[in-house]
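First up is the structure itself, then whatever we jot down about it.
The values are calculated or read from the model by the stated rules, or taken from the named source; none is laboratory data. Nothing here was measured: the structure is a model prediction, and the numbers come from that model. We place every Cβ from the backbone using ideal geometry, glycine too, and count neighbours over all the protein chains shown. Each accessible area value is taken on the protein alone, full model and side chains, heavy atoms only, with ligands, DNA and RNA left out. Shrake-Rupley method; radii C 1.70, N 1.55, O 1.52, S 1.80 Å.
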Amino acid sequence: MAGHLSIDDERDDSYTAVTLTALYGATHIETVRGLCACLDFGLAIIGLIALAHPESSDCLVKDLQVLTDVKNEATDRYQRPDRAPEE
């Protein structure tokens, strides 16, 4: 996935722009799946950073679980049929 991302963090507006380059259109299922993969990796990084802090708490773990549940709900419909979550 990283090979398809470009990051511009030297913008005049002080924001960072992240661009996903793909061979598919913006609404193509493979583009959406690529973005879902970015969410998975991003959430994993957030979780590692947050839980590595010496003062992590049960409240933080619950909040991370809420984020994970929301991400899963948003991305489940885009899973490949052979990898669909079990009901």
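Residues of the range 19-41 being under 16 Å from Tyr78 (Cβ atoms) and free of Cβ contacts under 8 Å to residues at least 24 places away in the same chain, which ones?
Leu20, Ala22, Tyr24, Gly25, Ala26, Thr27, His28, Glu30, Thr31, Leu35, listed by residue number.
Which one of these does Thr31 not meet: (1) surrounded by 13 or more Cβ atoms within 10 Å (Cβ to Cβ); (2) modelled with pLDDT of 85 or more?
Every listed condition holds for Thr31 apart from (2).
Quick one: would you say Lys62 is basic (Lys, Arg), part of a helix (DSSP H, G or I) and open to solvent by 90 Å² or more (accessible area, probe 1.4 Å)? Reasoning before the result, please.
Numbers: basic (Lys, Arg): yes; part of a helix (DSSP H, G or I): yes; open to solvent by 90 Å² or more (accessible area, probe 1.4 Å): yes.
Considered against the rule, which asks whether it is basic (Lys, Arg), part of a helix (DSSP H, G or I) and open to solvent by 90 Å² or more (accessible area, probe 1.4 Å), Lys62 comes out as yes.
Yes or no: Asp69 loosely packed, with under 11 Cβ neighbours inside 10 Å and of a type in the set (Asp, Glu)?
Numbers: loosely packed, with under 11 Cβ neighbours inside 10 Å: yes; of a type in the set (Asp, Glu): yes.
Here the answer is yes, as Asp69 does meet what is asked.
Examine the range 45-53 for a residue that is part of a helix (DSSP H, G or I), surrounded by 12 or more Cβ atoms within 10 Å (Cβ to Cβ), of a type in the set (A, V, I, L, M) and within 13 Å of the chain's Cα centre (by Cα), and state whether such a residue exists.
Yes, that holds for at least one residue.
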